[in-house]
Amino acid sequence: MVKANTLNRNNKTKFKRQDLVGWLVMLPSLILFAFFVWEPLLESIRLSLYSAKGIRLQEFVGLENYIRLFRHPDFLAAFRNTFLYIFYSLIIGFMVPIVMAVLISETVHLKSFFRVGVYFPNMVPGMATIMMWSFFFRPGNTGVLNILLSKVGISPQVWLNNPKWTIPLIIITMTWKSAGSTSLIYMAGISRISSELYEAATIDGAGIWQRVRHIIVPSIFSLAKTLLILQIISVFQILYEPLVMTNGGPNNASISLMMLTYNYAFRDFNYPMGAALSVVICAILIVLSGIYTKLTKDKE
Amino acid sequence: MKRLLCLLLSLVMIMSLTVGCGKETTEDATSTPQSQDTSSPTPEPEKVVLKLGIWPEPTLTDDIAVHEGYVERFNELYPNVEVVPAHYKYATDTFVPMAEAGNCPTIFETWFTEPQKLIAGEFIADITDNLKARGWDKAMNPSIRELLSKDGRIYGTPRDGYALGIMLNVELFEEAGLVDENGYPLYPKTWDELAETAKKIKDATGQAGLCLLAKDNAGGWHWSNIAWCFGATLTIDNGDGTFTANLNSPEAIAAMNYVKDLKWKYDVLTADPLNEDWGTGFTALGTGTAAMYIAANDAVNQPTQVNGLPLDKLAMCAIPEGPGGQYSLFGGTPYVFANNATYEEIEAALNYLEIMGQAPVASDEAIAGMRAGAQNKVANGVPVIPRFPSWIDQEVLDAEAKIIEEFGNVDTNMYQSYFDATKSDGNLRMEEPGLTQDMYAEITKVLQAVIIDPDADVEALLNKANENYQSLLDQTFKK
């Protein structure tokens, strides 16, 4: 930054012209951002402070929508569940792509086969994945997993209908689908590691574990931190998985904040309440991202 | 050079962006004078455009043929109206953007749950003046009119009245030996009998005795009918604009315990009631994975035409009696109109309904429309059974009865108990007042809890549901 400033002072006129080009290059995306992201964002904050018929604002009601939101019987459950989703997604889903990436990078034969293999579930459309797993998790004698279990003499399980298992099972489904694409990013990160490091380590007699510990993990650490916050943000917005698999049930065991937003807006046509909840979600995410940048900054 | 190229490219990008935005205005500019040109030399009355959202979906070719017949007749009678087929299947996630953009079809069908919500959001047109001019407001069944009205104004016309009953898959009854000497199913008359019957079917056939819904609000909807039969009243109207939740009365607890027994004592439900909704229930019934299902007369095409149950294997009986009496939940499926439709457009839509035979008019066209509809049902294997009197015009009722007699394609004995019960005094009961859908949501959560847990504390769950529902009621209805 400092360096740039001094440069700027030295070649003021030249930089201005370059700036112009930079701004021009950015302009289309700035316009699109303003139109599709910032304006709707501000608009939904405004909407959340009004009562409305459809999306036609009626009167200013201050924070009433927020108060009603916090008092809604499903709010606490949705709030708690959303953090449970994140918790389980980190426990179940965070390490899987790293392990896959390391294993595949260490593979000598059939490397591209495995690479395509782990990415494969990602090509299945999201809804198809969910429907397929719903058939797997069906309780009773007709569920795929229960049929398999019956072959080894285990009685049928209720799967998603056990409130303790609902969220972890949904997370497993999501991990199955998306771990492959994340592991591709890790693989790219690992492939950037200079092969000299490997060769040196191998000559020094380091085994696979030592290579992973001393070479791979330090190299992908910062990548993993970025993907961690991205994962938290994306899992926070979980919607269609519980919507289709369980409709938030049993007894609210899997309802998420985004699902509650969906219900407000698209089931009840109560857009101000939906907007209020979106604003709350946005605020929580800003706080989480802030904590994250603070933590990583300190470390640097 | 490089910089110049960069500049040029970004300019092109910006221009392409603005071109995208500008296109519409240029088109508008050219089209407005054109339309003025065409309208100015001809002093004829302005052409009314009727966008028919009730047009059948593209796959139902037979139904489309029937409607094409209606349109032909309509064009003869009303040459100044241009009919535009605009099939619209109502869905909550797409409706508001369409309506707010002003693209709603002039007339469309919606679900029975929706009218009050649509009226409150001012999405649909007030058609009171049109109806009054035709005298149709007085011909409408008063309870259905109530469902479609707010503050004395009417916002729709009924397509069908409906009352809940129990649909039976006769094949499974036969397989379980539950038929009398004439081959009619031995349907249950009380809720206890229903549990026993369901158990017999499950034991004999391995298929579920009853398909109970617990996925979405339809679960609470069906359960409220069960609860009434156990003597419960779920919402009390205080008469001053406020309501009291009453979900945890001893009667309601008994009704919920009954559902719990269906799962844990009798074990007669389908594999996963938590994944059953209105549509899958009909699939279960139609394909023979459940023998009984709470359903209404206006949906007889669902198990048969949609899910392939032979016409003579479908029967309907009344909602069983409970310790608190016998009631059938009653409502209506409405036709509603876009809020930006003009008086003339609504007139045209009502005229079209008349030709379809969906109006309180027994004209030749209306009767021809009814006949065409019945004929189409026969051709598609849908039972032709009496509708619920959504209009109370005697002439229409007589005409309808005659057509049903002529086209009747089912044994009326299969439906006798259902129609007998729903004709008896005090049997039909409107949905609970207050925040009905929120109440259903609370009930559905309790249903889910008792179905997944044999040790669920029904009373505590209903207390909690009652508390939640009361807080929603208090927030919405203030004195």
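The values are calculated or read from the model by the stated rules, or taken from the named source; none is laboratory data. All values derive from a computational prediction rather than experimental measurement. Please note: Cβ atoms are built from the backbone with ideal geometry, for glycine as well, and neighbour counts cover all protein chains shown.
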Which of the following residues is closer than 30 Å to B:LEU77 by Cβ and either touching a residue at least 24 places away in the same chain (Cβ under 8 Å) or crowded, with 19+ Cβ neighbours inside 10 Å (or both): B:ALA401, B:ALA362?
B:ALA362
Here is a list of conditions, (1) closer than 25 Å to B:ALA254 by Cα; (2) in contact with a helix residue (DSSP H, G or I) (Cβ under 7 Å, 6 or more places away or on another chain), and B:THR333 meets all of them except one; can you say which number that is?
(1)
From (1) free of Cβ contacts under 8 Å to residues at least 40 places away in the same chain; (2) within 14 Å of chain A (Cβ to nearest Cβ), pick out the condition that doesn't hold for B:GLU122.
(1)
Kindly list the number of the only condition in (1) within 13 Å of chain B (Cβ to nearest Cβ); (2) β-branched (Val, Ile, Thr); (3) touching a residue at least 60 places away in the same chain (Cβ under 8 Å); (4) within 30 Å of B:GLU122 (Cβ to Cβ) that fails for A:VAL244.
(4)
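From the list A:TYR198, A:TYR186, which one is of a type in the set (Phe, Trp, Tyr) and in contact (Cβ under 8 Å) with a residue 60 or more places away in the chain? Before the answer, list the steps.
Numbers: A:TYR198 fails: in contact (Cβ under 8 Å) with a residue 60 or more places away in the chain.
After applying the criteria, what remains is A:TYR186.
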Per the list (1) touching a residue at least 40 places away in the same chain (Cβ under 8 Å); (2) under 17 Å from A:LEU90 (Cβ atoms), residue check on A:ASN251 breaks on (2)
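Can you tell me how many residues in region A:256-300 are aromatic (Phe, Trp, Tyr) and more than 12 Å from every other protein chain (Cβ to nearest Cβ)? So that I can check it myself, show each step before the final result.
First pass over region A:256-300, keeping only residues aromatic (Phe, Trp, Tyr): A:262, A:264, A:266, A:269, A:271, A:292.
So of that shortlist, the ones also more than 12 Å from every other protein chain (Cβ to nearest Cβ) come out as A:292.
Result for region A:256-300: 1.
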Name every residue in region A:55-67 that is closer than 19 Å to B:LYS117 by Cα and part of a helix (DSSP H, G or I), in order of residue number.
A:ASN65
Residues of region A:162-200 satisfying the condition of being closer than 11 Å to A:VAL96 by Cα and in a loop (DSSP other than H, G, I, E, B)
none
Residues to consider are B:VAL71, B:VAL83; find the one that is at pLDDT 90 or above, assigned to a helix (DSSP H, G or I) and away from every other protein chain (no Cβ under 14 Å).
B:VAL71
By residue number, the members of region A:160-183 that are more than 17 Å from A:PRO250 (Cβ to Cβ) and either among the basic types (Lys, Arg) or free of Cβ contacts under 8 Å to residues at least 40 places away in the same chain (or both) are A:LYS177
Can you tell me which residue in region B:101-121 is nearest to B:PRO433 (Cα to Cα), limited to those that are surrounded by 15 or more Cβ atoms within 10 Å (Cβ to Cβ) and over 17 Å from the mean Cα position of the chain (by Cα)?
B:GLY121
Restricting attention to region B:7-22, does a residue exist that is surrounded by 15 or more Cβ atoms within 10 Å (Cβ to Cβ), over 30 Å from A:GLY22 (Cβ atoms) and either at pLDDT 85 or above or within 14 Å of chain A (Cβ to nearest Cβ) (or both)?
no
Selection count, region B:73-94, where residues are within 29 Å of the chain's Cα centre (by Cα) and among the polar types (S, T, N, Q)
2
Within region B:430-479, can you find the residues that are assigned to a loop (DSSP other than H, G, I, E, B), more than 12 Å from every other protein chain (Cβ to nearest Cβ) and surrounded by 14 or more Cβ atoms within 10 Å (Cβ to Cβ)?
B:GLU431, B:GLU432, B:GLY434, B:PHE477
Name every residue in region A:128-154 that is within 14 Å of chain B (Cβ to nearest Cβ) and assigned to a helix (DSSP H, G or I), in order of residue number.
A:ILE130, A:MET131, A:TRP133, A:SER134, A:PHE135, A:PHE136, A:PHE137, A:VAL144, A:LEU145, A:ASN146, A:ILE147, A:SER150
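How many residues are assigned to a helix (DSSP H, G or I) and of a type in the set (S, T, N, Q) when one looks only at region A:221-248? Even if it seems obvious, please write down each step before you answer.
Initial filter on region A:221-248 (assigned to a helix (DSSP H, G or I)): A:221-236, A:240-245.
Narrowing the set further to residues that are of a type in the set (S, T, N, Q) leaves A:222, A:226, A:231, A:234.
Within region A:221-248, residues that are assigned to a helix (DSSP H, G or I) and of a type in the set (S, T, N, Q) number 4.
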